[in-house]
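All of the numbers you see were taken from the coordinates with simple rules; none came from a lab. As the structure is a computational prediction, the values presented were derived from the model and not from experiment. Using ideal geometry, Cβ is built from the backbone for each residue, glycine included, and neighbour counts are taken over all protein chains shown.
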Amino acid sequence: MAETCEESLMEMHKSFRSEIAGNLNASYLFDVSGPSGGKWILEIKSGKCELKKGANGSPTVTISISDQDWMAIHKGKLNSQMAFMMGKLRVSGDMSLAMKLQSMFPGVA
């Protein structure tokens, strides 16, 4: 099990289901605040998923969250939808693509 936000995003990247993504072209910026936070982009294009550190370009979806809340979601201690409703997880951009994350990355997002 991942101990840092970066490790959790690497695990998430490895669980990618290309058959769910289909021909989706989108980029997800994870803007994680806190001591073990940072910015990472998950780029999905032509059935492939690539994880990049840093933020460049204009992402299709931006997910903003604290490092503690991200890890709680990753470890199954906090439901992502509940975190969103509580204001702990903020989403900007294409909301329908944000909601597709759970099906493309089962058990992790």
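What is the fewest-to-most order of 71, 86 by other Cβ atoms lying within 10 Å of their Cβ?
Values: 71 22, 86 11.
Going from least to most buried by this count: 86, 71.
Arrange 13, 74 by Cβ neighbour counts within 10 Å, fewest through most, would you?
Working: 13 15, 74 22.
Fewest-to-most Cβ neighbours within 10 Å comes out as 13, 74.
Report, in degrees rounded to the nearest 10, the 0 to 90 angle that the Cα long axis of helix 5-14 makes with the longest principal axis of the chain. Its long axis makes an angle of about 30 degrees.
Distance check, please: which entries in 48/88; 45/100; 53/100 exceed 18 angstrom between their Cα atoms? In this structure, 48/88; 53/100 exceed 18 Å between Cα atoms. What you get for segment 49-95, charging only the Cβ of Lys and Arg (+1) and of Asp and Glu (-1), is a dipole of about 140 debye around the Cα centre.
Rounded to a whole number of µm²/s, how large is the Stokes-Einstein D of the chain at 4 °C and 1.567 mPa s, given Rh as the Kirkwood radius over C-alpha pairs? Write down the numbers at each step before the final one.
Numbers: Rh = 13.7 Å.
For these conditions, the coefficient is 95 µm²/s.
Across the chain, Cα pairs under 8 Å and at least six residues apart give a relative contact order of 29 percent.
The long axis of helix 95-104 is offset from the longest Cα principal axis of the chain by roughly 90 degrees. Among 89, 2, 61, whose Cα projects farthest towards the positive end of the dipole of the chain, with charges put on the beta-carbon of Lys, Arg (+1) and Asp, Glu (-1)? Of the listed residues, the answer is 61. Residue order for 96, 66, 103, fewest other beta carbons within 10 angstrom first, comes to 96, 103, 66. Each Lys and Arg Cβ is given +1 and each Asp and Glu Cβ -1; about its Cα centre, the chain then shows a dipole of about 140 debye. Couplings 3J(HN,Hα) of segment 50-65, computed from phi: 10, 9, 10, 7, x, 10, 9, x, 10, x, 6, 9, 10, 10, 10, 6 Hz, in residue order, whole Hz [Karplus 6.51 cos²θ - 1.76 cosθ + 1.60, θ = phi - 60°; x for Gly and Pro].
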